[in-house]
Structure formats: C-alpha cells, structure tokens
C-alpha cells in the first residue's frame, strides 16, 4: 500500500495513531504492527504538510514521525507548531530514524520528541517504547515547538526559547538606543560580552568603536593608565604619551568587563568618570571628558559584594540604575540544543568538517549536564566533539572523557533530595547509557560488515555466541542461522 492518507475510523482522528513518512514500506510495516499487536487505529501521511491538513479532523493520540530527510526536504516545523498549539492534552511524538537526527531537524525534534524508534523496525523495541516511553510525563525537551526569540545586531545575534531570556532581550532593545550606563550581571560564560556587543550594534553608536577592558587581566598598578591613559614621563617606562580606553573609545561604547575584581583604590577612580565623564590621564592635570557610552559587566552580584564590604556602595549605586541579569545556562534548558546545533554548524564551516546527523543520546547528555561554565563551556565541548567525530554522526563517544565521567555522577538533584534516590538515579542512568552505547556500537558494526554477524563479532572482538547473547540482552534481532 502506498503512503497516501488512510482513514481507519469514520469517527475522526482523535484516539488514532498518525504515522508520517514518505517511505511506503515503512508505513505499511508500522501500520500492520500497530494494528495487529497494539489494536491501534492508524492514519498515514506521506509528508508533514499532508499531516498538517489531517489535524483539521481532530488530534491523534500518538504521532510516529520519520525524521530521516526525505526528497523534497519536507519541513516538520509548521506541523509540530500547529500540533503544539492545538494539543490538549499533549500528543506524544515518536521519532523514527536510522542514525539519529538530520542536523537541520534536530532542533525541532528535540523540542517535541518523547521517544525514538530506531530502524530497522523491531517489534520488541516498539513494545518497550509504547510501554515505557509513552508513560513518561512530557517530551524530552523543555519547551514547545514554537519559534525562538531572536535579536540581530550587525555581527552578533541572541536567540532563545527561554521566557526569562526573551524578556531580557526586550530590555536590551529598549535600552540600546539610549546613552545610559548598563550593568550586565551573570556567571562566567553566560554571554555578557556578546550582549554588550549587541547593545552597541543596536545603538546609534554602532558605527563608532566598541572597546573592551578586561579588568581581571590587568595588574592593579596598570589599570588607571589603561583606563585614563598617561603622559610621557608619568612613570618609569612611560616613554611617550598614550590615550586610555575612555578617550580612545571616542563616541563609541566602552565595556568594563569583570569589574567585580577591581580593588577599592581602582573602584574609587571610576566614581568621577562614571558620574560626570571627567578624568585626568596619569601624570597630567588636564581634565578631559569621555563621550563614550559605558557598559559594565560583573560575574558576581555586586549588591552582595557591597554587603560584604568588597565593593564600594557609592560605585554600585552609580552602576545599578539599569541592571540586566543574564540567567545561567542551567536555568535555560530549552536553549541547550538550539545553541548546540548553531555551534555545530559554525565549527563544521570553520574547520571544514562534515556532520550530517546528531544522535539523540548526544543531545540528552548535553541537557543532563549542569554547565558550570555556561554557554562558553558548551561551545568548547561542541567544538571538541565536532573535531573528534569520525562517522559524520555526533554521539556521546565524541564528548571529552572528563565530561562523560562527570555525567556518570548523575544529574544534580534538588537540595534535600534523599541520597538513595540520587544513587538509584546514577545507577539507572549509567545502565541505560551503557546499554545505549553497546547497542549503537553493534548496529554500526553490523552496517559496516553488511549485516554479517560472524564478521561483526570478529570486528567487535566477540565470539559469535557472545554477540548473540549481547544482542539478546539488548533486545536486538537474533543472529541469522548459519553465520
């Protein structure tokens, strides 16, 4: 039977199972199994656009969606966006694929997919999927399939699926056009420098310079000269006059990064220039005026530092008039996968590496991690994975060993969670990951050896009987006789 629409029930689509794939053989096989083994009513659509029209007749109880990239590049986004808007209660979605997600579909899949049906189709796998995966509450992602909020500058852009981050971008759009000092507060790696550049590029000063002072990288005795400049002979080694950053920025934007590391003496020198724009170069009595717009970034909460007498209260009150707090990545779980896919594309282009697919387990590992280094740490891990990938499909094996070791300790639990629960979570998570890795290695070896089990066993360093036992334990098809 072809992959055209099949009406199984005259009472509408609610309660039925919707199978979406251009592969007629796959849809026929899956339909027969669902009808015969699970007593499901099944409808079939050959494309996501066709499936979207079927939603007019009512919502399905379950969706099986082929995430292999078909001819014609049929896009699933519109279908899942409509499904997400209309679904009450939520409709579980099962992704059907052979080697993970195609890269340009991974973001959509991660948002809405609750389970994964690996090809070739296996009845036992389908039984387990329907019994366990569909019993879970909610999809694997942390957001709906609605589009992201994106704010573009000339050279940078910020994209988010997180409401708190979206609200912050609204504030950025409002403040960028006004010549006021902005304080950015966020943990290391959250993107304060990127956000400062976005503010500059959205402002009327976009054609002028954006200069950055990394306060944490400068010795205390050089900070004053770096900020305000010096005249010839002001100190030993000052062989000629040099303008400071406040002067060199002219009518542009000056970013003071990591201002929380400045000592009391250096903090005091900023009071006047922030209040009035006036300053004197080191060794000079000539007062100059800075026309630059100031953006200040801190890794720590300056209010807490004031309470601990580690930051001047008078400087803090000059800075906190317009404060933007950037949420850490662990509070933005819906952004982990979109950021990952953006980085994959960036590094494939930069290093001339081809990545065609992303294993769902790779994305699951990234979402499980707590990201103490935030977006910067995520970017570094993705870069390494892209460089070490040899198969064209990103898998957990491409992640750094210490990253995988950190995951083996289990996800972070809320404060006060029982230790036994933590231990059980770690053991269950580790067992599942080991089994998934073994299954993936066997499937890859089978493909590389033309599905010949004897050759596969040899390639894996197993006996034929050992491979049989391993496949049986993992619920995979048994080896063919005579091999």
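The values are calculated or read from the model by the stated rules, or taken from the named source; none is laboratory data. Model, not experiment: these values are computed from the prediction. With ideal geometry, Cβ positions are generated from the backbone for all residues, glycine too; neighbour counts draw on all protein chains shown.
Out of curiosity, is residue 237 surrounded by 14 or more Cβ atoms within 10 Å (Cβ to Cβ) and at positive phi? Answer is no for this residue. Taking each residue of segment 452-473 that is at pLDDT 75 or above and looking for partners that are surrounded by 15 or more Cβ atoms within 10 Å (Cβ to Cβ) and part of a loop (DSSP other than H, G, I, E, B) with beta-carbon atoms closer than 6 Å, six or more apart or interchain, yields 453/479; 455/449; 456/449; 468/479. Here is the figure for segment 209-241: residues that are at pLDDT 90 or above and in a strand (DSSP E or B) total 5. All of 411, 372, 360 fail the test of being in contact with a helix residue (DSSP H, G or I) (Cβ under 7 Å, 6 or more places away or on another chain) and either modelled with pLDDT of 90 or more or closer than 27 Å to residue 114 by Cα (or both), apart from 411. In a residue-by-residue description of segment 37-58, the property of being under 32 Å from the mean Cα position of the chain (by Cα), surrounded by fewer than 13 Cβ atoms within 10 Å (Cβ to Cβ) and modelled with pLDDT under 80 applies to no position. All conditions but one from (1) modelled with pLDDT under 90; (2) surrounded by 17 or more Cβ atoms within 10 Å (Cβ to Cβ) apply to residue 263; the one that does not is (2). Only one of the numbered conditions (1) in contact (Cβ under 8 Å) with a residue 60 or more places away in the chain; (2) on the phi > 0 side of the Ramachandran plot is violated by residue 376, and that is (2). Of all residues in segment 245-260, exactly one satisfies the criterion of being assigned to a loop (DSSP other than H, G, I, E, B) and buried (at least 24 other Cβ atoms within 10 Å of the Cβ), namely 249. The set of residues in segment 340-364 being in contact (Cβ under 8 Å) with a residue 60 or more places away in the chain and assigned to a helix (DSSP H, G or I) consists of 341, 342, 344, 345, 360, 361, 362, 363, 364.
Checked against (1) out of contact with any strand residue (DSSP E or B) (no Cβ under 7 Å at 6 or more places or on another chain); (2) in contact (Cβ under 8 Å) with a residue 60 or more places away in the chain; (3) in a helix (DSSP H, G or I); (4) buried (at least 16 other Cβ atoms within 10 Å of the Cβ), residue 327 meets all criteria but (3). Of all the criteria given as (1) within 17 Å of residue 297 (Cβ to Cβ); (2) in a loop (DSSP other than H, G, I, E, B), the one not satisfied by residue 193 is (2). On inspection, residue 27 fails the criterion of being assigned by TED's automatic domain parsing to the domain that holds residue 125, assigned to a helix (DSSP H, G or I) and free of Cβ contacts under 8 Å to residues at least 12 places away in the same chain.
Among residues belonging to segment 65-77 that are modelled with pLDDT of 75 or more and touching a helix residue (DSSP H, G or I) at 6+ places or on another chain (Cβ under 6 Å), point out the one that is surrounded by the fewest Cβ atoms within 10 Å (Cβ to Cβ).
Top of the filtered list is 77.
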